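The values are calculated or read from the model by the stated rules, or taken from the named source; none is laboratory data. It should be emphasised that the depicted structure is a prediction, and the values quoted were computed from it without experimental measurement. Positions of Cβ are backbone-derived with ideal geometry, glycine not excepted, and every protein chain shown enters the neighbour counts.
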Amino acid sequence: MLNRVISAAALVILSAGILISQPRETKIILNVDQSRDTISRHIYGQFSEHLGHGIYGGIWVGTESSIPNTRGIRNDVVAALKRIKIPNLRWPGGCFADEYHWMDGIGPREKRPRMVNTHWGGVVEDNSFGTHEFMDLCDQLGTEPYICGNLGSGSVEEMSKWVEYLTLDGESPMAKLRAQNGREKPWKVRFWGVGNENWGCGGSMTASFYSDQFRRYATYCRNYGSNKLVRIAGGPYGGDTQWMETLMKNIPLNLLGGVSLHNYTLPRNWSDKGSATSFDEEEYFTTVEKALKMDDILVQQSRVMDIYDPAKKVGLMVDEWGNWYDVEPGTNPGFLYQQNTLRDALTAALNLNIFNNHCDRVKMANIAQTINVLQSLILTDGSKMVLTPTFFVYEMYTVHHDAAMIPLKFQSSSYELKGRAIPAVHASASKDAQGRLHMTLVNLHASKAQSVRCEIRGASYRTGSGTIISGASLQSHNTVETPAAVSTSAFSGFRIDENVLTIDLPAKSVVMVELK
Ligand code: AHR
């Protein structure tokens, strides 16, 4: 269970594993001396698919573009992503991955085939962004590639050769082809997806058929030299524990580095998702209520994984998550372009806290998607670029990368609306290599400040500093004209007295407190 209760007094509601108390004050106990698990930086991973302007326009503008670029890749986007120390980037999909034939994307660009992106908008895919361009992007970002291979419509040979092309050092047909295409040295690629959503767009398979296919494909995704693959199976959606159970039962653990999990938050439903910017408090409340379900889902899926992998060697990779709304009016429905408000910052913070607190099993997470698609960190408009509220949460949370997670005991005050209640406050904490403690808190309440009393056990701190993300309204969002409607500023609404930290959390805010 994510948060354990510290007092039985005045408990009224059980929601998402967190007991909610009537008093306005939130109580937290931080057991600094009980930290055991590391928050993998890969929880802060990203995802960019050949979808809408996720790649084309958002990252790749081509070498002839007037937009400043390095070998065709936008300089402004690379500089922004470096600010959040992006640890890994998943590519080329998503659903696109199981239709992608990597050999179409190598060699002279003018000779690459032009085809239709059947899954996303029926637009022309000219394959100008392929393997070499993606690996160049990863080099420019200083990030690890996470490549998803085509199991749905590709072949074992094709996937096996892609691994060889990327990672084999020495003599082989694929290493020779790579050198002919301008890259003598192999790259390092650790994270390898063996298909995507294979219960749906990745081939409409059953779990037992897919797990057999995984065994076959994964066998021929070889480790060449010192390159060791983390083979990641296409896992379940949400709380589908049957899919998870079948995979964990049928796949030998020596082949399995991780199982992916996808879960999206839709304020309404798949046919009418709701607007990204135009919503009332009730719809906001529902969005948060649904986002909180991530905690239950992780508990359920981890429970199944624990049966077959009690040593927790196999990572739960939440490699697609985020808020999914209706596309912005007038945009291509196949491009999944949506604005991003303070609501998205609050739910991003909530999800990242949940992942941090489950870091014993969650080894990677990738928000969908980095640029111009779904819950983006960056929106571009021609040569212009906007950093979204979600971006600032990722920047704030860099303090948790590879830090030691500090277990929290937690009793949250409640946020009540029309007879429904959810916890108002959510938090996670970690200790970094320099011994600094970082706690990130989100006050989900739309209009009420929350006071938090935090008892620190097992360490003492004398000084602190803080930062906050908020905006005028839940609907506040950044545009080219108003780029900082939601952004980060200094926060001083806390006191540290002996081992008690008290924080006044403004309504609808994300706060980070650092103690030294
Ligand atoms: O992120 C958009 C799409 O959502 C991905 O392509 C797919 O994997 C999921 O259904």
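Descriptive notes on the structure:
- When the stretch 130-150 is limited to residues that are within 16 Å of the ligand (Cβ to nearest atom) and touching a Lys or Arg at 6+ places or on another chain (Cβ under 9 Å), the one that is farthest from Gly195 (Cα to Cα) turns out to be Tyr146.
- Applying the condition of being among the hydroxyl-bearing types (Ser, Thr, Tyr) and in contact with a Ser or Thr (Cβ under 9 Å, 6 or more places away or on another chain) to the stretch 200-218 and asking which residue is farthest from Thr246 (Cα to Cα) yields Tyr217.
- Residues in the stretch 302-330 that are away from the ligand (no atom under 16 Å from the Cβ) and either small (Gly, Ala, Ser) or touching a Pro at 6+ places or on another chain (Cβ under 7 Å) (or both): 4 in all.
- The set of residues from the stretch 444-456 being out of contact with any helix residue (DSSP H, G or I) (no Cβ under 8 Å at 6 or more places or on another chain) and either among the hydrophobic types (A, V, I, L, M, F, W, C) or assigned to a strand (DSSP E or B) (or both) comprises Ala449, Gln450, Ser451, Val452, Arg453, Cys454, Glu455.
- Search result, residues across the stretch 115-156 that are part of a helix (DSSP H, G or I), free of Cβ contacts under 8 Å to residues at least 60 places away in the same chain and surrounded by fewer than 17 Cβ atoms within 10 Å (Cβ to Cβ): Asp139
- For the stretch 28-42, filtered to residues that are touching a Cys at 6+ places or on another chain (Cβ under 7 Å) and within 29 Å of Asp319 (Cβ to Cβ), the residue that is nearest to the ligand (Cβ to nearest atom) is Ser40.
- Among the residues making up the stretch 320-346, those that are of a type in the set (A, V, I, L, M, F, W, C) and either assigned to a loop (DSSP other than H, G, I, E, B) or free of Cβ contacts under 8 Å to residues at least 24 places away in the same chain (or both) are Trp324, Val327, Leu336.
- In the stretch 162-197, residue nearest to the ligand (Cβ to nearest atom) [restricted to those that are closer than 15 Å to Gly130 by Cα and not in a loop (DSSP other than H, G, I, E, B)]: Trp162
- Every condition in (1) within 15 Å of the ligand (Cβ to nearest atom); (2) crowded, with 21+ Cβ neighbours inside 10 Å is met by Phe335 except one, and the failing one is (2).
- Close pairs (7 angstrom Cβ cut-off, 6 or more residues apart or separate chains): within 18 Å of Gly238 (Cα to Cα) in the stretch 191-204, away from the ligand (no atom under 12 Å from the Cβ) and assigned to a loop (DSSP other than H, G, I, E, B) anywhere: Gly195/Leu151; Asn198/Leu151; Asn198/Met205; Trp199/Met205; Gly202/Leu151
- Residues (near the ligand (Cβ under 10 Å from one of its atoms) and either buried (at least 24 other Cβ atoms within 10 Å of the Cβ) or among the aromatic types (Phe, Trp, Tyr) (or both)) located in the stretch 257-271: Ser260, Tyr264
- Of the criteria (1) closer than 27 Å to Pro186 by Cβ; (2) surrounded by fewer than 17 Cβ atoms within 10 Å (Cβ to Cβ), which one Lys249 fails: (1)
- Residues in the stretch 272-292 that are closer than 23 Å to Gly94 by Cβ, in contact with a strand residue (DSSP E or B) (Cβ under 8 Å, 6 or more places away or on another chain) and either away from the ligand (no atom under 16 Å from the Cβ) or not in a loop (DSSP other than H, G, I, E, B) (or both): 3 in all.
- Pairing each residue of the stretch 34-50 that is over 18 Å from Asn196 (Cα atoms) and at pLDDT 95 or above with any residue that is away from the ligand (no atom under 16 Å from the Cβ) and among the basic types (Lys, Arg), provided the two are 6+ apart or on different chains, yields C-beta distances under 6 Å for Ser40/Lys363.
- Flag if Ile43 is under 20 Å from Ala365 (Cβ atoms) and assigned to a loop (DSSP other than H, G, I, E, B): no
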